[in-house]
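Everything below concerns the one structure shown next.
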């Protein structure tokens, strides 16, 4: 039976606190350095995947020995990032949710690519989230519940040229049938006014970013 949630640990910013989100029923994927992080902290990835070019060669043996399955690829002759490879395998398990950890960090190109690839999960009707120490990010094309997770702000950013019919409930700054266009900052730094807020849109794709300093 497919796992309800897949948790991917990639090779970006990683912290031991991320391990606290894991449940025993999660299917855990380590992408490149994320696999070594898991094994070094006593966790057994269900799958480790990547070119493993960011770790010493001897560490690959540790990953292969400490994972239930390992899939390697050439570091040059490949079309996908390690994170996207992991996402592909995650989607093939037909989960209800995918949580992406370690996909943000100093490489802005990798960070943006990881945020954008949430669209692939949305196309498969799979809820997908990106989390790090300061942010919790999701994507909607219709309706989303925003729970108070201890973050200070909730920002709404269009991922398509235009997002229409935006209506917010449970926020300090509500919107009704509003439109956000790419490049506008109107949706930045809102706050919840209730334990749960709702976001509904009529068209487009909208990033919902909970954040704190």
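The values are calculated or read from the model by the stated rules, or taken from the named source; none is laboratory data. Keep in mind the model is a prediction, meaning the values are calculated, not measured. FYI the Cβ positions are ideal-geometry reconstructions off the backbone, even for glycines, and counts take in every protein chain you see.
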| remark: The residue that is farthest from residue 48 (Cα to Cα), considering only those in segment 86-98 that are in contact (Cβ under 8 Å) with a residue 12 or more places away in the chain and surrounded by fewer than 22 Cβ atoms within 10 Å (Cβ to Cβ), is 96
| message | So for segment 63-77 (the condition being without any contact (Cβ under 8 Å) to a residue 40 or more places away in the chain, within 16 Å of the chain's Cα centre (by Cα) and either assigned to a strand (DSSP E or B) or in the same structural domain as residue 48 (by TED's automatic domain parsing) (or both)), does at least one residue qualify? | response | no
| query | Conditions: (1) more than 19 Å from the chain's Cα centre (by Cα); (2) in contact (Cβ under 8 Å) with a residue 40 or more places away in the chain; (3) closer than 27 Å to residue 105 by Cβ. Residue 201 meets all but one. Number of the miss? | reply | (3)
| Mind checking whether some residue in segment 54-62 is in contact with a strand residue (DSSP E or B) (Cβ under 8 Å, 6 or more places away or on another chain), touching a residue at least 24 places away in the same chain (Cβ under 8 Å), in a loop (DSSP other than H, G, I, E, B) and surrounded by fewer than 22 Cβ atoms within 10 Å (Cβ to Cβ)? | no
| Only one of these conditions is not met by residue 111: (1) in contact with a helix residue (DSSP H, G or I) (Cβ under 9 Å, 6 or more places away or on another chain); (2) under 20 Å from residue 139 (Cβ atoms). Which number is it? | (1)
| Could you list, in sequence order, the residues of segment 144-165 that are within 22 Å of residue 120 (Cβ to Cβ) and in a loop (DSSP other than H, G, I, E, B)? | 159, 160, 161
| request: Please work out which one of (1) out of contact with any helix residue (DSSP H, G or I) (no Cβ under 6 Å at 6 or more places or on another chain); (2) within 22 Å of residue 11 (Cβ to Cβ); (3) not in a strand (DSSP E or B) is the condition residue 129 fails and give its number. | output: (3)
| query | Pick from 102, 34: which is buried (at least 23 other Cβ atoms within 10 Å of the Cβ) and either outside the structural domain of residue 120 (by TED's automatic domain parsing) or under 22 Å from residue 139 (Cα atoms) (or both)? | reply | 102
